[in-house]
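These notes are about the structure you will find just below.
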Amino acid sequence: MGLIQTVLATLVTLGILVTIHEWGHYWVARRCGVRVLRFSVGFGKPLFSWRGKDQTEYVVAAIPLGGYVRMLDEREDTVPPEWQGQAFNTKPVMQRIAIVAAGPIVNLLFAVLAYWFLFVVGTSVIIPKVGEVRPGSPVALAGLSPGEEIKSVNGFKVDSWDQVNLRLAALIGDTREIQIEATESGRSTRNYTVQLNNWQVDLERESPVMALGFIPWRPDVEPVLGQLLDNGRAAQAGLQTGDRILRVDGEPADTWQGLVELIQQSAEQPRLFEVERSGQVLSVEVIPASRAAEDGSVSGFIGAGVQLPEWPEAMQREIRYGPVASLVMGVERTGQMIVLTLDSIRKMFIGIISVKNLSGPITIAKVAGDSAASGLETFISFLAYLSISLGILNLLPIPMLDGGHLMYYIVELIRGKPVSEQIQTLGLKIGMLLLFSLMAVAIFNDIARL
C-alpha cells in the first residue's frame with residue numbers, strides 16, 4: 001500500500017507541476033499568435049492523446065519526468081507560406097522572451113496561490129518552544145535556556161519551528177553575529193547575540209535548528225510502535241504496531257529515546273523484548289540489524305517507528321489570515337523561498353553546502369509520498385516548494401533550460417541580431433553535459449540515502 005501511495009503521489013505531484021509549467025509557455029504562445037503543435041506532459045511514447053479545437057495535439061506520455069510544448073518553428077519544420085506568421089522564430093524577440101519566461105513564472109505564481117490557500121484555510125503549527133539546549137552549542141554560549149519561546153531570528157518574526165529553520169538555513173556558511181529574540185512565560189522578551197563562525201550544517205543528518213543547538217520541546221514519547229518496515233528485524237521477529245515495549249533484557253524501557261539508544265548499541269546482538277499487546281505481556285527476541293555510518297561507526301536498528309503522541313493544544317498555534325492579507329503573506333513566503341533557493345545554489349556552487357544535498361527523482365518520490373500521507377496541508381506546502389525549485393532551476397542560464405534560451409534572446413535584444421547557430425549548438429552540448437552531470441550526482445545521492 002505504501003508503494004502504491006508513493007507512486008500515485010509522485011505522478012500527481014509531477015503531473016501538476018509539469019502541466020502548469022508547460023501551460024505557461026502554451027498560454028503566452030497562443031496570446032502571441034504562435035501555432036502550438038503539441039502540448040505533452042511526459043516524454044517518450046504517448047499513452048493517450050487528443051486534438052483540441054485549436055488543432056494542438058495534447059499528449060500524456062509514458063515518462064513523467066517533464067514535458068514540452070512544441071511550437072511551429074521554421075528551424076525545425078517546413079512551414080507553409082500561409083502559416084509563416086504563426087512560427088515561433090518569426091516573432092519579435094520580446095515576444096519570444098515572454099513565451100520562454102512564462103513557464104517558470106507560472107511555477108512561481110502557482111507557489112503564491114498555494115501559500116495563499118494555506119493561509120486562507122488556516123494552518124496548525126507547533127510553537128517554537130525550546131526543550132533543551134545542547135551544551136557548548138552557539139545558542140548555549142549565547143545564554144539561551146530551555147523553556148523559552150523563539151519570537152524572531154535576525155529581526156524576522158517566526159511562529160513555528162519551520163519558520164525558524166528557514167531563517168537559519170539562509171545563514172549556513174556565514175561568519176557573523178545574529179540576533180535571536182525569545183521570551184518565557186511570565187517574563188519580558190530577551191535578546192540574545194549568537195556568534196556564527198563559518199557555520200556548517202550537515203543537512204542529511206540534522207536540521208539548522210538542531211545544528212545551532214536547539215532541541216525543540218516535545219511531549220514525552222513513550223516506547224509504543226507506530227509503524228514497521230515489512231522486511232525489518234522488528235516485523236520479522238513478530239512485533240506489531242501498537243506494541244508497548246516494557247523491558248529489554250529485563251531493564252525497563254521508559255522512553256522511546258532510551259529504547260533507540262539501547263538498540264543502536266546492540267547491532268547483531270539478540271535482545272529479549274517484553275511487550276504489552278492487548279492487555280497481555282509477551283516476550284519476543286529481536287536481533288537488531290547493523291548499519292554503518294560514513295565515519296565508520298556501526299549502529300543497530302530494527303526497522304520500527306514510534307507512535308507519535310498528541311500535542312497539547314497550548315503548544316499549537318493556528319495561523320490564518322483574510323484573503324488580502326493571505327495574498328501578501330503568500331508573496332512574502334514565495335519570495336523568501338526564492339531567495340533561500342538561489343542562496344543555496346550559490347553556496348553549493350562555491351562549496352559552502354555539500355552537493356550531497358542535491359536530490360533526484362527517488363527522493364522527490366519519497367517526499368511526495370510522505371507529504372501526501374501527512375495530509376493535504378503538508379502536500380500543498382511540498383507542491384509549492386517544488387514548484388519554486390522547478391521555476392528557479394529553469395531560469396538558470398544553462399543552455400537546454402528556459403534560462404539558457406532567455407540568455408540567447410537577451411543577447412539578441414542587445415546586439416540586434418540572433419546568436420549564431422554554431423554558438424547555440426556548442427551551448428547545447430555544454431548544457432547537456434552540465435544537466436546530465438547534475439542528474440547523475442542527484443541520482444547517486446538518492447541511491448546513497450536508500
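The values are calculated or read from the model by the stated rules, or taken from the named source; none is laboratory data. All values reported here derive from a predicted model rather than from experimental measurement. Backbone-built Cβ (ideal geometry, glycine too); neighbour counts: all protein chains shown. Side chains included, ligands, DNA and RNA excluded: accessible areas come from the protein's heavy atoms. Shrake-Rupley method; radii C 1.70, N 1.55, O 1.52, S 1.80 Å.
See the values below:
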{"quantity": "Filter result (more than 30 Å from Met348 (Cβ to Cβ) and out of contact with any strand residue (DSSP E or B) (no Cβ under 7 Å at 6 or more places or on another chain)) within the range 185-220", "calculated": "Ser185, Gly186, Arg187, Ser188, Pro219, Asp220"}
{"quantity": "The range 52-74, residues that are surrounded by 10 or more Cβ atoms within 10 Å (Cβ to Cβ) and either more than 23 Å from Leu14 (Cα to Cα) or without any contact (Cβ under 8 Å) to a residue 24 or more places away in the chain (or both)", "calculated": "Gly52, Asp54, Glu57, Tyr58, Val59, Val60, Ala61, Ala62, Ile63, Leu72, Asp73, Glu74"}
{"quantity": "Count of residues meeting criterion [at pLDDT below 90 and either in a strand (DSSP E or B) or among the charged types (D, E, K, R) (or both)] in the range 49-60", "calculated": "2"}
{"quantity": "Residue match in the range 391-411 (condition: surrounded by fewer than 16 Cβ atoms within 10 Å (Cβ to Cβ), modelled with pLDDT of 90 or more and assigned to a helix (DSSP H, G or I))", "calculated": "yes"}
{"quantity": "Members of the range 198-216 found to be modelled with pLDDT under 85 and of a type in the set (A, V, I, L, M), listed by number", "calculated": "Val201, Leu203"}
{"quantity": "The range 1-48 - residue that is of a type in the set (A, V, I, L, M) and in a loop (DSSP other than H, G, I, E, B) and, of those, nearest to Gly403 (Cα to Cα)", "calculated": "Val34"}
{"quantity": "First in the range 38-49 and among the polar types (S, T, N, Q), second anywhere and part of a strand (DSSP E or B) and open to solvent by less than 30 Å² (accessible area, probe 1.4 Å), Cβ under 6 Å, 6 or more apart", "calculated": "Ser40/Val59; Ser40/Ala61; Ser40/Gly67; Ser49/Val59"}
{"quantity": "Only one of Ile99, Ile63, Ile105 that is more than 30 Å from Ser160 (Cα to Cα) and at pLDDT 95 or above", "calculated": "Ile99"}
{"quantity": "Single unsatisfied condition, Thr334 versus (1) among the polar types (S, T, N, Q); (2) in contact (Cβ under 8 Å) with a residue 40 or more places away in the chain; (3) open to solvent by 40 Å² or more (accessible area, probe 1.4 Å)", "calculated": "(3)"}
{"quantity": "Flag for Glu261 being open to solvent by 70 Å² or more (accessible area, probe 1.4 Å), within 24 Å of Asp202 (Cβ to Cβ) and not small (Gly, Ala, Ser)", "calculated": "yes"}
{"quantity": "Gln195 vs. criteria surrounded by fewer than 18 Cβ atoms within 10 Å (Cβ to Cβ), on the phi < 0 side of the Ramachandran plot, at pLDDT 90 or above and not in a loop (DSSP other than H, G, I, E, B)", "calculated": "yes"}
{"quantity": "Residue match in the range 245-253 (condition: among the charged types (D, E, K, R), open to solvent by less than 40 Å² (accessible area, probe 1.4 Å) and at pLDDT 90 or above)", "calculated": "no"}
{"quantity": "Positions within the range 103-117 being touching a helix residue (DSSP H, G or I) at 6+ places or on another chain (Cβ under 6 Å) and either of a type outside the set (Ser, Thr, Tyr) or surrounded by fewer than 17 Cβ atoms within 10 Å (Cβ to Cβ) (or both), in sequence order", "calculated": "Gly103, Pro104, Val106, Asn107, Leu108, Phe110, Ala111, Val112, Ala114, Trp116"}
{"quantity": "Cross-chain or 6+ apart pairs with Cβ under 8 Å, the range 338-357 first and part of a loop (DSSP other than H, G, I, E, B), then open to solvent by less than 50 Å² (accessible area, probe 1.4 Å)", "calculated": "Ile352/Ile172; Ile352/Gly173; Ile353/Ile172; Ile353/Gly173; Ile353/Ser344; Ile353/Lys347; Ser354/Met348"}
{"quantity": "All positions within the range 283-321 that are without any contact (Cβ under 8 Å) to a residue 24 or more places away in the chain and either open to solvent by less than 60 Å² (accessible area, probe 1.4 Å) or in contact with a Gly (Cβ under 9 Å, 6 or more places away or on another chain) (or both)", "calculated": "Ser290, Ala293, Gly296, Ser297"}
